[in-house]
1. Which pairs have Cβ atoms under 6 Å, sit 6 or more apart or on different chains, and link a residue in region 4-32 that is without any contact (Cβ under 8 Å) to a residue 60 or more places away in the chain and more than 14 Å from GLU74 (Cα to Cα) to one that is assigned to a loop (DSSP other than H, G, I, E, B) and among the aromatic types (Phe, Trp, Tyr)?
2. Scan region 17-38 for residues that are at pLDDT 90 or above and not in a loop (DSSP other than H, G, I, E, B) and jot them down.
3. Quick one: is GLN46 within 17 Å of PRO21 (Cβ to Cβ) and either modelled with pLDDT under 95 or not aliphatic (A, V, I, L, M) (or both)?
Amino acid sequence: MKKTKIQINYDICGDGHKIDPRQCAICMKICPPALFLLHQSLKLFQKDDPLDPQYWRITPLYPSLCTRCMQCVEKCPEHAIQIK
């Protein structure tokens with residue numbers, strides 16, 4: 001069996017770019033097995049104040065649980081998610 005790869009384009013979603021995942025999080029809400037995790041980005045630690053959480057990411061933490069229902073891909077308003 002092939003492994004499922006879930007890629008999120010962080011140039012669109014997260015890291016202080018176009019979409020703030022804290023305000024969207026549709027993929028987290030729609031995913032039946034709940035495999036996504038919202039967390040501070042490592043980019044945060046490059047700033048002067050590492051305790052100021054301005055940069056966030058949604059990461060597919062458990063891709064092996066993905067059922068390939070494609071709901072996250074279909075519902076993402078910016079098309080930032082790909083499943084292979």
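The values are calculated or read from the model by the stated rules, or taken from the named source; none is laboratory data. Keep in mind it's a predicted model, so treat the numbers as computed, not measured. Note: ideal-geometry Cβ built from the backbone for every residue, glycine included; neighbour counts use all protein chains shown.
1. Matching pairs, first to second residue: ASP15/TYR55; GLY16/TYR55.
2. Scanning region 17-38 gives ILE26, CYS27, MET28, LYS29, ILE30, PHE36, LEU37, LEU38.
3. no
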